Amino acid sequence: MCIGQNDFLYEAVTDFHQHLNALGIEHRYDDLPGYEHEFAIWDRELLAFMDWMPRTDYYADKIPHKI
């Protein structure tokens, strides 16, 4: 999960993040200052997601996806 600190959904997403923590559910959470509900956050977070997600396809070691 990721959320910009200026996003109108910020409170709901952080509440859900805290709920998952209370239940002991492992998850990734990025809280990004300066971002709203905008495509710029996805440009950044999709690259981070691709780095986090295990790759087993032919191209996994051929195309870097670093930020």
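Restricting attention to segment 5-34, report how many residues are surrounded by 13 or more Cβ atoms within 10 Å (Cβ to Cβ) and at pLDDT below 95. Working first, answer last.
Of segment 5-34, the ones surrounded by 13 or more Cβ atoms within 10 Å (Cβ to Cβ) are 6-7, 10, 13-14, 16-17, 20, 29-32.
Going one step further and asking which of them are at pLDDT below 95, we end up with 29-32.
Final tally of qualifying residues: 4.
Of all residues in segment 1-36, which are within 17 Å of Trp52 (Cα to Cα) and out of contact with any helix residue (DSSP H, G or I) (no Cβ under 8 Å at 6 or more places or on another chain)?
Scanning segment 1-36 gives a single hit, Glu26.
Out of segment 9-67, which residues are in contact (Cβ under 8 Å) with a residue 12 or more places away in the chain, part of a helix (DSSP H, G or I) and not polar (S, T, N, Q)?
Initial filter on segment 9-67 (in contact (Cβ under 8 Å) with a residue 12 or more places away in the chain): 9, 13-14, 16-17, 27-38, 41, 44-45, 47-48, 50-52, 65-67.
Then drop every residue that is not part of a helix (DSSP H, G or I), which leaves 13-14, 16-17, 41, 44-45, 47-48, 50-52.
Correct list: Val13, Phe16, His17, Ile41, Arg44, Glu45, Leu47, Ala48, Met50, Asp51, Trp52.
The values are calculated or read from the model by the stated rules, or taken from the named source; none is laboratory data. Just so it is clear, the model here is predicted, and its values are computed rather than measured. Because the Cβ atoms are built from the backbone with ideal geometry, glycine has one as well, and the counts that use them run over all protein chains shown.
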